[in-house]
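A short write-up of the structure that comes next.
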């Protein structure tokens, strides 16, 4: 029996708050943590490998899996479906490894209401200020000014859902935030429902105690 069950670790944030960097820090701390491989109905891009980059599906198969309850979360984005297949996640956490999800608040709600809700840990990353959030987006130099403006407009809608998460971290210092994130994961791994052998251990202690009273 595994010492523990794995966690479904959800990281969400507005673009530019540092979520991707924190996810890398978390996996550098424990490289057994696996990224959830999403399913999609879009066509593979050059170099993408089925089962590694995405699980590529037809719209019919995707909808069938949604109807069967085989998707932990799903969304329709720019004409294609995206989602998180439940089967691979169940297998991974059953083997005692955590699965990391990069989803928005809508995905968090769906996973929170799924059959694996009791093994879910959700963390929202806040920027220290809106001014700093804009500065980070501009410093990245990855987007045009128009795109940055759209991301900024969307950011408040994302931030407004902070209250549905288990933990909220303000990323004003990357090293401190990364340490706090690791501390949260370590503590949550020790929850009672994450330790499948705990009941047998307590029963063994009870039997030992009762034998000592005879």
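The values are calculated or read from the model by the stated rules, or taken from the named source; none is laboratory data. Computed from a prediction, not measured in an experiment: that's the story for all the values here. Virtual Cβ from ideal backbone geometry, glycine too; neighbours counted across all protein chains shown.
A few comments on the model shown:
- Residues of the stretch 50-67 satisfying the condition of being at pLDDT below 95 and part of a loop (DSSP other than H, G, I, E, B): 51, 52, 53
- Residue in the stretch 79-100 that is part of a loop (DSSP other than H, G, I, E, B), closer than 30 Å to residue 200 by Cα and touching a strand residue (DSSP E or B) at 6+ places or on another chain (Cβ under 8 Å) present: yes
- Among (1) in contact (Cβ under 8 Å) with a residue 60 or more places away in the chain; (2) surrounded by fewer than 16 Cβ atoms within 10 Å (Cβ to Cβ); (3) within 13 Å of the chain's Cα centre (by Cα), the one test that residue 94 misses: (3)
- Residues (more than 23 Å from residue 112 (Cα to Cα) and in a helix (DSSP H, G or I)) located in the stretch 12-23: 21
- Within the stretch 24-49, the set of residues being closer than 19 Å to residue 93 by Cβ, under 14 Å from the mean Cα position of the chain (by Cα) and not in a strand (DSSP E or B) comprises 26, 27, 33, 36, 37, 38.
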